[in-house]
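All remarks here apply to the structure that follows.
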Amino acid sequence: MASTAFGAPVQDEPTQDAPEQANGSEQIADLDPNDPRLTSEALDDNPEGDAYASLPPIPDGKYRAKLKQVDVKDGAGKLVRFAPRIATWRPGSPPLLFTAVQANVIGIGGQEQYDGYVLTDNWVTTLPNRSGTSEAATIIRKAGGTTPQRATHAQWMELLLKTLAGEPEVGIETAWEAS
């Protein structure tokens, strides 16, 4: 899984061992492109519509939000609470654990229009960065938890999952950029 910016959309592809179903029983892969259901029905189109349109990002600012853990895919493509990876971008390729964290905005104090807006960080790791701390440790502290000065990757992840289990309310700040 590649690193993504906080709140960036992630496209998940269906796995081959679990193909999507059409009409509850037929596999999409087995559907003939000349099937009468595809060639006889005329579909209406809205020329003003945009199938790729999405909600604009929440404006830069400070918000209240509830945090929760979101399952990630392990090396085999199975959804798990957290997964191990090798940090191939770092010398010596150290191991790490990662999970995803979702922030659900709580619209209060004139920000009600953003109530329920969801931001997701799909790459919350236990690996300390240049500042000497990890995303996992920072979230634990910002959510009101305490962190030890030293801990293993497994201990950091366990602490993070325990912290997120209570869906803590925190303050978040958005600052969008495009590249």
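For beta carbons closer than 8 Å, sequence separation of 6+ or different chains, a first residue in segment 33-59 that is within 26 Å of VAL105 (Cα to Cα) and a second that is open to solvent by 90 Å² or more (accessible area, probe 1.4 Å), the qualifying pairs are SER54/PRO9; PRO57/TRP176. When GLN27 is tested against the conditions (1) at pLDDT below 80; (2) loosely packed, with under 10 Cβ neighbours inside 10 Å, the lone failure is (2). Evaluating ILE140 against the criteria (1) more than 15 Å from the chain's Cα centre (by Cα); (2) at pLDDT 90 or above; (3) under 22 Å from SER54 (Cβ atoms) leaves one unmet condition, (3).
Screening the candidates PRO84, PRO56 for the property of being part of a loop (DSSP other than H, G, I, E, B) and more than 21 Å from LYS142 (Cα to Cα) yields one hit, PRO56.
The residue that is surrounded by the most Cβ atoms within 10 Å (Cβ to Cβ), counting only those in segment 120-171 that are assigned to a strand (DSSP E or B) and in contact with a helix residue (DSSP H, G or I) (Cβ under 9 Å, 6 or more places away or on another chain), is VAL124. Within segment 95-123, residues that are at positive phi have Cβ atoms under 9 Å from residues that are assigned to a strand (DSSP E or B) and of a type in the set (Val, Ile, Thr) in these pairs: GLY116/VAL105; GLY116/ILE106, counting only partners at least 6 apart in sequence or on another chain.
Taking the conditions (1) of a type in the set (D, E, K, R); (2) loosely packed, with under 13 Cβ neighbours inside 10 Å; (3) under 16 Å from THR126 (Cα atoms) in turn, ASP71 satisfies each one other than (2). For segment 56-67, the count of residues that are open to solvent by 70 Å² or more (accessible area, probe 1.4 Å), out of contact with any Lys or Arg (no Cβ under 6 Å at 6 or more places or on another chain) and at pLDDT below 80 is at least one.
The values are calculated or read from the model by the stated rules, or taken from the named source; none is laboratory data. Bear in mind the structure is a predicted one, so any value in this text is a computation, not a measurement. Here Cβ is always computed from backbone atoms with ideal geometry, including for glycine, and neighbour counts include all displayed protein chains. The area values use the complete protein model at the heavy-atom level, side chains included, leaving out ligands, DNA and RNA. Shrake-Rupley method; radii C 1.70, N 1.55, O 1.52, S 1.80 Å.
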